[in-house]
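J.: Attaching a single structure in structure tokens format; questions to follow.
The values are calculated or read from the model by the stated rules, or taken from the named source; none is laboratory data. What you see is a predicted model, and the numbers here were worked out from it, not measured in a lab. Positions of Cβ are generated from backbone atoms using ideal geometry, with glycine treated the same way; all protein chains shown enter the neighbour counts.
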Amino acid sequence: MVFENLEPKLVWQIFEHVFTKTPRESKKEGKIREKLKSWVPERAKSLGIEITVIEDEAGNLLFKKGPTKGMESTQPLLFQGHMDMVCETDRPDGFDFDNNPIPIRIQDNGEWVDADGTTLGADNGIGTSLGLALMLDPKVKHGPLEILITVDEETGLVGAFALEPEKMGIKSKLMINIDSEDLGIITIGSAGGGDTDLTKKLKLKDVTGEATFYDLIVSGLFGGHSGVDIDKHRANANKLVARIFTQLMAEMNVHICNWNGGSKHNAIPREATAKFAVESGKTTRAGEILQKTREEITTYYREIEPDIQISWEKSRPEPAFSLEESKRIVQSINNIPHGPIRFSPNVEGLVETSNNVAIVKTENDQVSVLLSTRSSVDSELESFRQAMVDLADLSGWKAERKPGYPGWNPEPKSLFLSFIRKHFERVTGREIKVEAIHAGLECGIIGSKIPGIQMVSIGPRLENAHTPEERVKIIDIEILYSLLKAILEDLPSLKRLVVR
């Protein structure tokens, strides 16, 4: 084992043996689901522990365990996380996430765990490992304990939407979501969101005799989570391609053959490629414009994106879109906002509404653009999404607003929050912040399905989620485990909730 000397041993054993050995891209959770359904009960049986596993039609898994001796009158508690992960790599030869384990490692500084050239999957594998370890640890005292592990969180909170708590047998009115990314923070609210698909079906034409073709590549960007990292001024590869094309089109005719950038709705695009053609008599000027625009972009992003690469080279001819449609595509993407749209007037520093130009894709004669919008105010979310539909309509796109998901409204006076915060500060020895975040969490959806439930979200320090630079801080796992054990053991002191 790579993590055999890390503490708590059981948490790291579960994370390594179950989660990193079984990559689990969203919508491809079959292997991890079967692994969880077999490994957890087998481990429980070997320890003389009885655990019930319930699976719903969507593939969500609920693990239930009765109270330990002396804790029978304690109210039930639900831990919640998700089993899928974002699969990204910057390895030149790619990475087969379907068949290979994550190449985990401990960084040389001994402080962090990451993966060699791929996402780590600590989002949310380390959180679910913490929950399962608490259930399997014979030394932990607890009341009735439930662990809900949902499917397909990363591509639209699909498992949470499909959840039927009563049918599944969830009894808890207290929930700890273990999908946050900063040990010093208790999250009590999150943004809602929704995706918008823009599609355009076009006719291709042969422009071989009148144009010179090029491949344009933008790469080396940080990317990042489109909620957590949206305010960090990181570049979006699709927006950079649009900027470059805009500069060219200001002086010459440009045909676009194809454009592909980004792969996940909740990840800021790290790279994009495009094939285009310019008038053969304008190739020298095109090179000058490309060079000048590259210098402007790399100068601006020198500190933020030190590894940015923008390159182009002559390429083979391919069928292309007309000049008019090529220009409309570029104008549309250039004018669609990316990043924070508005900051909250009530919570200092909190992004209220944002947009991610997440994916541009060309398939034969069709171009599509996926926009992922978030907001802590439902009416602002839908207002912005409608504005994007209107903008698309002006340029001849077919627009589809996919179903949105609700935000999680904070309850700062919650008794459960006060209880968690007291234990958090006692275990860590420092003041803990309480805040809402711009990222989407499943809490909003789950909360709407379980009336009266009180929730918090916590987690270890996890950086660069959804990128190959993802890493989790080792010491935080030991601190969190101690905290969660203390919460479980002292839960009888919390006044039982009366839900009307």
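Matching residues to (1) outside the structural domain of Ala465 (by TED's automatic domain parsing); (2) modelled with pLDDT of 95 or more; (3) surrounded by fewer than 24 Cβ atoms within 10 Å (Cβ to Cβ):
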site: Asn100; (1), (2), (3): no, yes, yes
site: Asp114; (1), (2), (3): no, yes, yes
site: Gly117; (1), (2), (3): no, yes, yes
site: Gly125; (1), (2), (3): no, yes, no
site: Leu130; (1), (2), (3): no, yes, no
site: Ala133; (1), (2), (3): no, yes, yes
site: Glu153; (1), (2), (3): no, no, no
site: Lys171; (1), (2), (3): no, yes, yes
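J.: Let me ask another. Can you pull out every residue in the range 217-227 that is buried (at least 22 other Cβ atoms within 10 Å of the Cβ) and on the phi < 0 side of the Ramachandran plot?
T.: Within the range 217-227, Val218, Leu221, His225, Ser226, Gly227 qualify.
J.: Listed residues Asp179, Asp197; which is touching a strand residue (DSSP E or B) at 6+ places or on another chain (Cβ under 6 Å) and crowded, with 20+ Cβ neighbours inside 10 Å?
T.: Asp179
J.: Same structure again: For residues that are over 19 Å from Pro144 (Cβ atoms), among the small types (Gly, Ala, Ser) and surrounded by fewer than 13 Cβ atoms within 10 Å (Cβ to Cβ), scanning just the range 32-61, find the one that is farthest from the chain's Cα centre (by Cα).
T.: Among them, the one singled out is Ser46.
J.: Quick check: is even one residue across the range 463-478 aliphatic (A, V, I, L, M), buried (at least 23 other Cβ atoms within 10 Å of the Cβ) and part of a loop (DSSP other than H, G, I, E, B)?
T.: Yes: the range 463-478 contains one or more residues that are aliphatic (A, V, I, L, M), buried (at least 23 other Cβ atoms within 10 Å of the Cβ) and part of a loop (DSSP other than H, G, I, E, B).
J.: Mind checking whether some residue in the range 430-437 is modelled with pLDDT of 90 or more, among the acidic types (Asp, Glu) and in a loop (DSSP other than H, G, I, E, B)?
T.: Looking through the range 430-437, at least one residue is modelled with pLDDT of 90 or more, among the acidic types (Asp, Glu) and in a loop (DSSP other than H, G, I, E, B).
J.: I'd like to know if the range 196-210 contains one or more residues that are more than 30 Å from Leu391 (Cα to Cα) and either in contact with a helix residue (DSSP H, G or I) (Cβ under 7 Å, 6 or more places away or on another chain) or in the same structural domain as Arg426 (by TED's automatic domain parsing) (or both).
T.: Scanning the range 196-210, I find at least one residue that is more than 30 Å from Leu391 (Cα to Cα) and either in contact with a helix residue (DSSP H, G or I) (Cβ under 7 Å, 6 or more places away or on another chain) or in the same structural domain as Arg426 (by TED's automatic domain parsing) (or both), so the answer is yes.
J.: Out of everything in the range 220-260 that is of a type in the set (D, E, K, R) and part of a loop (DSSP other than H, G, I, E, B), what residue ends up being nearest to Ala286 (Cα to Cα)?
T.: The selected residue is Glu251.
J.: While we're here: Select from the range 183-209 the residues that are farther than 12 Å from Ala320 by Cα and not in a strand (DSSP E or B) and write down the one among them that is nearest to the chain's Cα centre (by Cα).
T.: The extreme case among them is Ala191.
J.: When Asn355 is evaluated against the numbered criteria (1) touching a Pro at 6+ places or on another chain (Cβ under 6 Å); (2) more than 18 Å from Ala439 (Cβ to Cβ), which criterion, by number, is the only one it fails?
T.: If we test Asn355 against (1) touching a Pro at 6+ places or on another chain (Cβ under 6 Å); (2) more than 18 Å from Ala439 (Cβ to Cβ), just (2) comes out false.
J.: Have a look at Ile186, Ile217, Ile176, Ile170 and point out the one that is of a type in the set (Val, Ile, Thr) and touching a Phe, Trp or Tyr at 6+ places or on another chain (Cβ under 6 Å).
T.: Ile176
J.: Answer with yes or no whether Glu279 is over 26 Å from Glu463 (Cα atoms), of a type in the set (Asp, Glu), surrounded by 13 or more Cβ atoms within 10 Å (Cβ to Cβ) and modelled with pLDDT under 95.
T.: Considered against the rule, which asks whether it is over 26 Å from Glu463 (Cα atoms), of a type in the set (Asp, Glu), surrounded by 13 or more Cβ atoms within 10 Å (Cβ to Cβ) and modelled with pLDDT under 95, Glu279 comes out as yes.
J.: Within the bounds of the range 264-278, is there any residue that is among the aromatic types (Phe, Trp, Tyr), in contact with a Ser or Thr (Cβ under 6 Å, 6 or more places away or on another chain) and within 15 Å of Leu216 (Cβ to Cβ)?
T.: Among the residues of the range 264-278, not one is among the aromatic types (Phe, Trp, Tyr), in contact with a Ser or Thr (Cβ under 6 Å, 6 or more places away or on another chain) and within 15 Å of Leu216 (Cβ to Cβ), which makes the answer no.
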